[in-house]
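**Student:** I'd like to ask some things about the structure below.
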Amino acid sequence: REHGAGAEDEVRWAKAKSADRAVEKLTRVYHWDASRLLDLARHAIVFSTLDDMLCCLHAIAADDETTVVRVKNKMAIDFKAASSAGYRDLALNVRVDSEQTRLLGLEGHVCEA
């Protein structure tokens, strides 16, 4: 935990999307454009307060190696929560350009966080 993180903030690690499901999504939704497949690992950071979430968002935005490409904000006041049975979240699409991602050839990959 980082300094200032709430007592109940946590990272929830998820299993990677199965190869079968990834291929299904590629064919049905993305028409074989693999660059659009962003959610192979659906990890989540759960915050106990909005202030804790905002602190994390500011840290991500300030990181020189990370570029926020897109924000899907289901926390917005105009989001129709009934469409998701009341579920709300905030998903970021980010690109990480670091020494490690360059070594792996992943610096151009966009992932969902």
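**Student:** Stokes-Einstein D for segment 60-113 at 37 °C, 0.692 mPa s, Kirkwood Rh over Cα pairs, in µm²/s?
**Tutor:** Rounded to a whole number, D works out at 260 µm²/s.
**Student:** Got a number for carbon plus sulfur as a percent of the chain's accessible area, 1.4 Å probe?
**Tutor:** For the chain, the apolar C and S fraction of the accessible surface comes to 56 percent.
**Student:** Would you be so kind as to identify which of 106, 91, 61 lies farthest towards the positive end of the dipole of segment 38-113, taking Lys and Arg as +1 and Asp and Glu as -1 on Cβ and the Cα centre as origin?
**Tutor:** 91
**Student:** Take residue 45 and residue 93, extend 7 Å from each Cα along the Cα→Cβ direction, and tell me the distance between the two endpoints in nm.
**Tutor:** According to this spin-label approximation, the distance is 2.0 nm.
**Student:** Can I ask one more? Hey, which lysines would be in cross-link range of residue 80, C-alpha to C-alpha under 16 Å, not counting anything within fewer than 8 residues on its own chain?
**Tutor:** Partners found: 72.
**Student:** How high is the relative contact order of segment 29-112? Use alpha-carbon pairs under 8 Å, at least six apart in sequence, and give a whole percent.
**Tutor:** Once normalised by length, the contact order is 29 percent.
**Student:** Here's something else I'd like to know. What dipole magnitude, in Debye to the nearest 20, does the chain give about its Cα centre under +1 on Lys/Arg Cβ and -1 on Asp/Glu Cβ?
**Tutor:** 700
**Student:** If packing is taken as the average number of other Cβ atoms within 10 Å across a peptide's residues, how do 46-57, 14-25 rank, most packed first?
**Tutor:** Final packing ranking: 46-57, 14-25.
**Student:** Now a separate question. I need the Debye-formula profile for segment 25-84: one equal scatterer per C-alpha, no solvent, reported as log10 I(q)/I(0) at q = 0.16, 0.21 1/Å, two decimals.
**Tutor:** -0.81, -1.13
**Student:** Rg(Cα) of the chain divided by 2.2 N^0.38 Å?
**Tutor:** For the chain, the normalised Cα radius of gyration is 1.19.
**Student:** While we're here: Can you work out the accessible area per residue across the chain, with the rest of the protein chains kept in place, probe 1.4 Å, in square angstrom?
**Tutor:** 76
**Student:** Taking 8 Å as the Cα distance limit and 6 or more residues as the minimum spacing, I'd like the relative contact order of segment 70-113 as a percentage.
**Tutor:** Taking the mean separation of contacting Cα pairs over the length of segment 70-113, I get 35 percent.
**Student:** Quick check for me: using +1 on Lys/Arg Cβ and -1 on Asp/Glu Cβ, what's the dipole size of segment 6-46 about its Cα centre, in debye to the nearest 20?
**Tutor:** 240
**Student:** Straight-line reach from residue 15: which lysines have a Cα under 18 Å away, not including same-chain ones fewer than 8 places off?
**Tutor:** 25
The values are calculated or read from the model by the stated rules, or taken from the named source; none is laboratory data. Keep in mind that this is a model prediction, so the values were computed, not measured. Every residue, glycine among them, receives a Cβ derived from its backbone with ideal geometry; neighbour counts consider all protein chains shown. For the accessible areas, the whole protein counts, side chains as well, though only heavy atoms, and no ligand, DNA or RNA atoms are used. Shrake-Rupley method; radii C 1.70, N 1.55, O 1.52, S 1.80 Å.
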